[in-house]
Amino acid sequence: MTSLADLPIRDDLRGLTPYGAPQKPVRIALNVNENTHPVPPEVIAHVTAAIEREMRSINRYPDREFTLLREHLAGYLGGGLAPEQIWAANGSNEVIQHILQAFGGPGRRVLGFPPTYSMHAIIATGTGTQWVEGARDDDYRLSPETAAAAVERTDPDLVFLCAPNNPTGTPLGLDTIAAVYEASRGIVMVDEAYAEFMPEGKASALSLLEGRPRLVVSRTMSKAFAFAGGRLGYLAAEPALTDALRLVRLPYHLSALTQAAAVAALEHAAAMLATVGAIRDQRDRLVVELARLGYAPHESWANFVLFGGVTDPHATFERLLEHDILIRDLGIANHLRVTAGTEAETTEFLEVLGRINR
Ligand code: PMP
């Protein structure tokens, strides 16, 4: 049998492990921060009709510029953003890959602040971009001073921030984003995959775009928008920045079916987002109840909670799995992460955890 090591693979890929959040058929999956509520039937009907219409011209390549989709995404984000400022791809993972293909690559480096979204480093490596790390402050926070000092020390071509941060849930102040932008000469990307779960009234990095041509804010329909299987991520930036991404994307990278389904889902944005309030409530409940059970949950502005005080994370993970509940062991000592599910899912998770705890 040929093994991977026998192949003439790139030297910088030797010995690496792929992204591998376990995919297991369980009753209660609270491991990858999806919206676990069922999609409303009227949205399913609307999206299905749109896909059926699209099938009549499936013999033709799709709109390479995904014009209608960019219009809908600009409308969804609001704030006077123009469609020319929007880019989209198959999940925000691909959006991030496009950014690194255009602005990173061999001889360039990207600065990140772990623990953060693991794919940032993996996509960096895949594009031949060096991943360099800055330290966080207490409780995973990132102050303007700490972040700017890391930029000055490493002089990166790109900086990746994550707001709120995955896997910690930690909020990130606009002052830190502005300070990083001031300190750096390169692209500053703020990954806002979980922005819709921030407390009401909190400003997004979108509000900083004006006058900052190197700033990029990425979003996804995979989380609050309940569209993870549809694979649609996007970003907002200067029109010139989206022109740079046209140089590296594959032609027709967004299929006609993806475009039609995403547009139809965006036409029902209110229905798709109707569960966000309930998910926030369950997240806040998790923080309270996990503390009551003797764990040490971290503040979260996202749809998940990272909690410490777990004596043996692997054992707790396995015990929960025996009860058909899948959460996430990220290899952070004494910590586990759980997604805020429906009220019933969250209740069952807390009950089982309380029982196996004793
Ligand atoms: N960014 C962050 C911070 C994430 O947590 C995720 C999904 N786990 C993504 C981006 C990628 O999501 P998608 O490719 O589904 O848009």
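Throughout, read-outs are computed from the coordinates displayed, never taken from laboratory work. All figures in this text were calculated on a predicted structure; none of them were measured in a lab. Reconstructed Cβ throughout: ideal geometry from the backbone, glycine too, with neighbour counts over all protein chains shown.
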Quick one: what are the phi-derived ³J(HN,Hα) couplings along the stretch 329-334, Karplus 6.51/-1.76/1.60 with θ = phi - 60°, whole Hz, x for glycine and proline?
9, 9, x, 8, 3, 6
Give the residue from I279, P297, A265 lying farthest towards the positive end of the charge dipole for the stretch 262-301; charges sit on Cβ (+1 for Lys and Arg, -1 for Asp and Glu) and the dipole is referred to the Cα centre.
P297
Mind jotting down the distance between the C-alpha centroids of the stretch 113-176 and the stretch 191-241, whole Å?
17
Rounded, prolate or oblate: which fits the stretch 134-219 when a ≥ b ≥ c are the square roots of the eigenvalues of the alpha-carbon gyration tensor, with rounded for a/c under 1.5 and prolate only if a/b beats b/c?
oblate
Only Lys, Arg, Asp and Glu count, each charged at its Cβ (+1, +1, -1, -1), so figure out the dipole size of the chain about its Cα centre, rounded to 20 debye.
560
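Where in the chain lies the longest segment free of GluC sites (Glu not before Pro) that are both loop residues by DSSP (not H, G, I, E, B) and have at most 13 other Cβ atoms within 10 Å?
On the way: sites that count: E65, E200, E210.
The segment 211-358 is the longest one with no such site.
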Alpha carbon centre of the stretch 257-336 versus the stretch 23-68: separation in Å?
22
Between V132 and residues 5 or more places away or on another chain, the pairs with built amide H atoms under 5 Å apart involve V110, L111, G112
Neighbour count of at most 15 Cβ within 10 Å plus DSSP loop: longest chymotrypsin sites (Phe, Trp or Tyr not before Pro)-free window in the chain
20-251
Prolate/oblate/rounded label for the chain (Cα gyration tensor, a/c 1.5)
rounded
In which sequence would L142, L245 go, from the one with the fewest C-beta neighbours within 10 Å to the one with the most?
L245, L142
For D191, other-chain or 5+-apart residues with amide H closer than 5 Å (H placed, Pro excluded) are L161, C162, A163, S218
Please name which of N33, L68, I44 has its Cα lying farthest along the dipole of the stretch 6-71 towards the positive end, using unit charges on Cβ (Lys, Arg +1; Asp, Glu -1) and the Cα centre as origin.
I44
